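Since the structure comes first, as structure tokens, the remarks are kept for the end.
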Amino acid sequence: MPKTAKAKKKVSKPKTKVVSKPKPVVAKTVPKVPVKISKTYVPKDTEKYMCEKHKVYFRIRLTEWKKELIKANNEALYNGSMDDNNISADIVDQANSYIDSNVEMKAINRQIKLISEIDKALRRIREDTYGYCLDTAEPIGLKRLMARPVAKYTIAAQEKHEKDEKVHADD
């Protein structure tokens, strides 16, 4: 080899290992198949408490109840606005009309509050907390939920709340 041509040395860079971040372990979730129930289905104590069938049953029941309340409120408001056009010259009739509309508005306001409670119950169904006491996290019970689907507390916890409200009201 001639001396003029120098052999080129390969300069190798130190090799670094590329460490990749560990991939998060994703639990394989089974896609939820919508549970269908018959129109005559009634939750049973023999079934697991707040199983999918129970949740579907109460969701349907609460949704239908809400629709009925909204329809009744809309009809009452519409009919109430129609009555405003009938102004009587008799002062007693005017007083009766005022009292009637006042009572009707109070009923509508109660129903609006109930619709709000229904919405909260539907949210608890989505969050899987429906049917359990907000204070004690104990099951409320199917019988109580059948009687009052918007129930948030067990009977004992509800009695405690009512007692506390009475004590504070007396102050």
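The values are calculated or read from the model by the stated rules, or taken from the named source; none is laboratory data. Quick caveat, the model's predicted, so the values are computed rather than measured. When we count neighbours, we look across all protein chains shown, and the Cβ atoms used for this are built from the backbone with ideal geometry, even at glycine.
When region 108-162 is limited to residues that are surrounded by 14 or more Cβ atoms within 10 Å (Cβ to Cβ), within 19 Å of Thr63 (Cα to Cα) and among the small types (Gly, Ala, Ser), the one that is nearest to the chain's Cα centre (by Cα) turns out to be Ala121.
Do we find a residue being among the basic types (Lys, Arg), at pLDDT 55 or above, within 22 Å of Val150 (Cβ to Cβ) and surrounded by 10 or more Cβ atoms within 10 Å (Cβ to Cβ) anywhere in region 46-55? The answer is yes; a qualifying residue exists.
Here is a yes/no grid of residues against (1) in contact with a strand residue (DSSP E or B) (Cβ under 7 Å, 6 or more places away or on another chain); (2) at pLDDT below 95:
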residue	(1), (2)
Gln94	no, yes
Ile140	yes, no
Lys152	no, no
Lys163	no, yes
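The test for being touching a helix residue (DSSP H, G or I) at 6+ places or on another chain (Cβ under 9 Å), closer than 30 Å to Tyr130 by Cα and at pLDDT 80 or above does not hold for Lys71. Glu68 fulfils the conditions (1) among the acidic types (Asp, Glu); (2) in a loop (DSSP other than H, G, I, E, B); (3) loosely packed, with under 12 Cβ neighbours inside 10 Å except for a single criterion, (2).
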